[in-house]
Amino acid sequence: MKLAELLHEVPVLVSGADPTAEVSSLAYNSRAVRPGSLFFAIQGEKADGHAYIPQALERGAIAVVSERPAPSELAPRWIQVSVMRRALADAGRTFFGHPEQHLTLIGITGTNGKTTISYLVESVLQAGGIPCGVFGTIEYRMIGKAREATNTTPESLDLISCFADLVAAGGKAAVMEVSSHALAQERVWGFQFEVAVFTNLTQDHLDYHKDFEHYFLAKRRLFEGLGTPPPNWAVINIDDPWGAKLLELPYPHRLTYGLNGDAQVKPNHLKSSPAGTEATIVTPAGKVEVVSPLIGRANLANILASVATGVGMGIPSAKIAEGIANLKAVPGRFERVDEGQPFLVVVDYAHTDDALKNVLRTARELVHNRLIVLFGCGGERDRTKRPRMGEAAGTLADFVVLTSDNPRSEDPLLIMADALVGLQRTGKPYIAEVDRGTAVRKALEEAREGDVIVLAGKGQETYQVLKEGKVDYDDRVVARQILREMGYGERK
């Protein structure tokens, strides 16, 4: 593709580059550059793409795109734009032939519930005969193809590339977790969403957004439209006070959901048990009879969001119910580890105080003896949530194991000390063990018949992030191995 054609939809301030040059690929990482690439120098949170311009040019980049004025020596190979990530998204869509125009886009945002809702909506769409892909925390999954998730929401260029693969495989829709970082950084600039779902807003990522208001404003952008009209359907949880604020915006169509009587999509005749959830869900399109193996109040809210999405997309009630029933589990979300032991072990991604409360309340419904929780707090993240997580664990569990969870460059003992402030306030018995694998062993050795043990924080993650970098680690694998060493696997 000629450079002039590629930049046709990009607002360029100044360009000294040859408009007839052939562009073979687009890259924002110098390691992905090959001869003929157009390199986008992005100023990131931790790294500045401008520092890698020499490497990009050495690897064969034909020109550099930047928000900065051109250095004199690079003026013939420099393109200045006003907003870098908008330029990357606009150029990416042109380069890949606008695959997003062939997909129905469903975006899900909020602090908790995004992953489970994305899996439920995928299942509903499939039951309704709509082949789709899913993009989120666990992986970027196209039809018959998957990529490891590097962020909850990928950079626009990566997302468009995935969309191209999805369309080529026959996909008709894309279900996306849309993070507050992605919205603030405009990684989804120019994408027209058919449906936008708001789950809830609780404290998280305030190390980045600084305060709740800015955190909410980032989420709100999905419902305002990012260089596009607002979504055709807004699906909003009105049990959450921040959801009520989104009702102020104008939408072509809107559906509210929640457990209270004011919601348009709400449960009736609810029955919850360790086997799952059964409910008659009232919607503007009629009743949906739901039977799901997912348990707990938080999952009921996730089911309501998914039903509302299906209704907005015109999927028949029977197919919505079929899709909800078909989803048996979500990786790392209350995922059971069963080696025949006389106590229940579950792994969950809960890494905020609100998510931890939800998973412990769900677990409490299954307890016949004691509830034991193992948790830690992430490094280089909002410090203020650490004592609240400690207090949530101590308030809702009978015994707590405090440990490490992706400390990154921070001292894990200091992170644990922050959480200990809230935990000790509750007066509950606890042990602290910095090595997470050892901590899991201690939690399992503490367990007795009828107990429920929740290993919280890592969910589906297969690594720990230490000061030295990533190391292989998986709560599910570690727990299973320890249970077998305790002799349980042999008894199955």
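Key figures for this structure:
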{"item": "Per principal axis, descending, Cα span of the chain in whole Å", "result": "73, 54, 43"}
{"item": "In nm, spacing of pseudo-spin labels at residue 445 and residue 364 (7 Å Cα→C-beta vector)", "result": "3.0"}
{"item": "Net length gained if the chain between residue 24 and residue 101 were fully extended (0.36 nm per residue, minus Cα distance)", "result": "25.5 nm"}
{"item": "Given 219/245; 114/266; 114/385; 271/458; 357/470; 114/458, the pairs whose alpha carbons are separated by over 23 Å", "result": "271/458; 357/470"}
{"item": "Residue (of 96, 296, 163) at the positive-pole extreme of the chain, dipole from beta-carbon charges", "result": "296"}
{"item": "Under 18 Å from the residue 150 label point (7 Å along Cα→beta-carbon), backbone N, the range 1-42", "result": "25-35, 37-42"}
{"item": "Inter-label distance, nm, simple model (7 Å from Cα along the C-beta direction), residue 74/residue 414", "result": "3.5"}
{"item": "Per-selection metrics, the range 69-210 (Cα): Rg and Dmax in Å", "result": "16.4, 58"}
{"item": "Heavy-atom surface of the chain, accessible at 1.4 Å and reported per residue (Å²)", "result": "40"}
{"item": "Mean separation of Cα contacts under 8 Å, 6 or more apart, over the residue count of the range 138-257: relative contact order %", "result": "21"}
{"item": "Ellipsoid equivalent to the range 405-492 - semi-axes via the Cα gyration tensor, in Å", "result": "24, 19, 9"}
{"item": "Projected label distance in nm at residue 245 and residue 45, using a 7 Å step from Cα toward the beta-carbon", "result": "2.0"}
{"item": "Relative contact order computed over the range 1-118 (Cα-Cα under 8 Å; 6+ residues apart), in percent", "result": "25"}
{"item": "Carbon + sulfur, % of accessible area of the range 414-485 - ligands and nucleic acids excluded, 1.4 Å", "result": "50"}
{"item": "Percent of alpha-carbon pairs separated by more than 18 Å within the range 5-122", "result": "56"}
{"item": "Packing rank of 89-100, 5-16, 315-326, where each peptide gets the mean count of other beta carbons within 10 Å, highest leading", "result": "89-100, 315-326, 5-16"}
{"item": "Rounded to 10°, Cα long-axis angle of helix 212-224 versus longest principal axis of the chain", "result": "60"}
{"item": "Given charges at beta-carbon only (K, R positive; D, E negative), |dipole| of the chain in Debye", "result": "560"}
{"item": "Within the accessible area of the range 148-254 (1.4 Å probe), percent carbon and sulfur", "result": "50"}
{"item": "Heavy-atom accessible surface of the range 301-363: percent carbon and sulfur, 1.4 Å", "result": "51"}
{"item": "Sequence ranges 37-43, 150-156, ranked by mean other-Cβ count within 10 angstrom, highest first", "result": "37-43, 150-156"}
{"item": "Gyration tensor (Cα) of the range 258-377, equivalent ellipsoid semi-axes in angstrom", "result": "28, 15, 13"}
{"item": "Nearest 10 degrees, 0 to 90: helix 317-326 Cα axis against the chain principal axis", "result": "70"}
{"item": "Radius 12 Å from Cβ of residue 425, net charge of other residues (Lys, Arg +1; Asp, Glu -1)", "result": "+1"}
{"item": "The range 15-165 - charge dipole about Cα centre, Lys and Arg +1 at Cβ, Asp and Glu -1, debye rounded to 20", "result": "140"}
{"item": "Pairwise centroid distance, computed over Cα atoms, of the range 185-202 with the range 321-346, Å", "result": "28"}
{"item": "With 10 Å bins from 0: P(r) over the range 336-492, alpha-carbon pairs, percent", "result": "12, 45, 34, 9, 0"}
{"item": "Residue-level accessible surface for residue 430, protein heavy atoms, 1.4 Å, Å²", "result": "80"}
{"item": "Per residue convex hull volume, Cα atoms of the range 360-411, in Å³", "result": "74"}
{"item": "Folded to 0 to 90 degrees: helix 353-364 orientation relative to the chain principal axis, Cα", "result": "40"}
{"item": "Mean Cβ count within 10 Å, highest first, over the residues of peptides 463-472, 376-385", "result": "376-385, 463-472"}
{"item": "Normalised contact order of the chain, rounded percent, pairs of Cα under 8 Å and 6 or more residues apart", "result": "10"}
{"item": "Placed amide H near residue 283: partners under 5 Å, 5+ positions off or other chain", "result": "288"}
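The values are calculated or read from the model by the stated rules, or taken from the named source; none is laboratory data. Predicted model only: the values in this text are computed from it and were never measured. Note that each Cβ is placed from the backbone with ideal geometry, even for glycine, and that neighbours are counted across all protein chains shown. These area figures cover heavy atoms from the full protein model, side chains too; ligands, DNA and RNA do not enter into them. Shrake-Rupley method; radii C 1.70, N 1.55, O 1.52, S 1.80 Å.
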